[in-house]
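Note sheet for the following structure.
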Amino acid sequence: MMRSNRPAIGMRERRVEQTIALIALGMLAIGCAVVALPFLPALVWALILTVTTWPGFARLRTVMGGRTNPAALAMSLLLAIGLLMPFAILGLGLADNISYFSGVFRQLRASGPPGPPSWLGDLPLVGGTLVGAWQTILAGGLLDMVSPYIAPVSAWLFQVAAGLGNGLLQLALSVLATFFLYRDGEAAARRLVVFVERLAGERGRHLLDVAQATMNGVVYGIIGTGVAQGAVAGAGLALTSVPAPLFLSFAVAILSIIPGGPAVVMWPAAIWLFYEDRVTAAVFLFLWGTLAVGTVDNVIRPFFISRGADLPLLVVFLGVIGGAFAFGLLGVFLGPTLLAIGFTLLKEWTTARTEQIEHEADEA
């Protein structure tokens, strides 16, 4: 009597159906990834914003009688005012500032290097020497050396200004996403803790705490310090009527990650004021850049970095530059934060493993 092969046929059909279902799910996952990928930097930055500002949200929710939705909406509006408005103003003014510098470069190429200021030769003892040095350096080929790079740098600056528009859209999406993260953040955090504890064991909660502390240290100690230094520098530049104050203050904020970086902008601006015979304004700007801008760096940065992690300068620098190339404007903030978290967690994990190996060696 022949056995029926219908069960075997049924198994093959189920396998075919399962294979088709897996392929469909894979294609769906790829489609979701393709759709979400352009917004991934904005969503990650929204998560960082939510984590670092959560204590403020918690206090605001308490003031509002424990109502989560109004508190989340109010906090998102505060972020919009504190982040979107300044960058919108910066974006509107930066294009004009870059146009000004491009015009200056073109004028230098057309008319040649400027002569020394009239007061330079009147200085006692060193006046003639300084005038001769001025003419030797500029007329001796400095402008010729710089000229080939003027056009590419000008084009790059215009690309930066154009990229601000996309950066503002990403930042707006981040602020919008914070509302939902504030609203549902506690439930998501509980699930994250369970997941990390299952993945990393007993050290999972500790690693999350280290990541949060590092995040706070970078956002406030590095990014916050840079924004504060740029704002203080911009006030001094505007008070002394230096051209393109928005662009220069933006440059100060970026260069603030380097020790002494703001001086690269502030001191040449003071020298330009000397050249324009505005000695009082030049002295004021030099002192403002040295004392006021420097105080922000010497007070705010150590306070917040000490509460987070002491990071190598290379990690922060690569984070800013690499983040800017990878994600545009948002990458300036996102890059150093992600690299700092990764570096700190790697350091924490390797330190714990090293201590465990040394302990086992001592017991043996």
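Odds and ends about this structure:
- Only the Cβ atoms of Lys and Arg (+1) and of Asp and Glu (-1) were treated as charged; on that basis the dipole of segment 179-280 about its Cα centre amounts to roughly 340 debye.
- Accessible surface ranking that places the most exposed of Leu79, Leu169 first, with a 1.4 angstrom probe: Leu169, Leu79
- In nm, spacing of pseudo-spin labels at Asn166 and Leu37 (7 Å Cα→C-beta vector): 1.4 nm
- When peptides 264-273, 340-349 are ranked by their average number of other Cβ atoms within 10 Å per residue, the highest-first order is 264-273, 340-349.
- Segment 164-229 - accessible surface per residue (Å², probe 1.4 Å): 53 Å²
- Å² of accessible area per residue within segment 250-291, as computed with a 1.4 Å probe and no ligands counted: 51 Å²
- Cut-off 19 Å, label 7 Å out along Cα→Cβ of Glu186, residues of segment 52-77 by amide N: 52-76
- Cβ-defined net charge surrounding Leu181, 15 Å radius [Lys, Arg +1; Asp, Glu -1]: +2
- Tensor-based shape of segment 34-86 (alpha-carbon gyration tensor, a/c under 1.5 rounded, otherwise prolate or oblate): prolate
- P(r) for segment 168-299, from all Cα pairs and a bin width of 10 Å, is 12, 29, 22, 18, 12, 6, 1 %, short bins first.
- Treating r as the C-beta distance of Leu22 and Leu73 and R0 as 41 Å, the FRET efficiency rounds to 0.50.
The values are calculated or read from the model by the stated rules, or taken from the named source; none is laboratory data. Note that the structure is predicted; figures quoted are calculated from it, not measured. Quick reminder, even Gly has a Cβ in these numbers, built from the backbone with ideal geometry, and neighbours come from all protein chains shown. The protein model used for the area step is the full one, side chains on, heavy atoms only, and it has no ligands, DNA or RNA in it. Shrake-Rupley method; radii C 1.70, N 1.55, O 1.52, S 1.80 Å.
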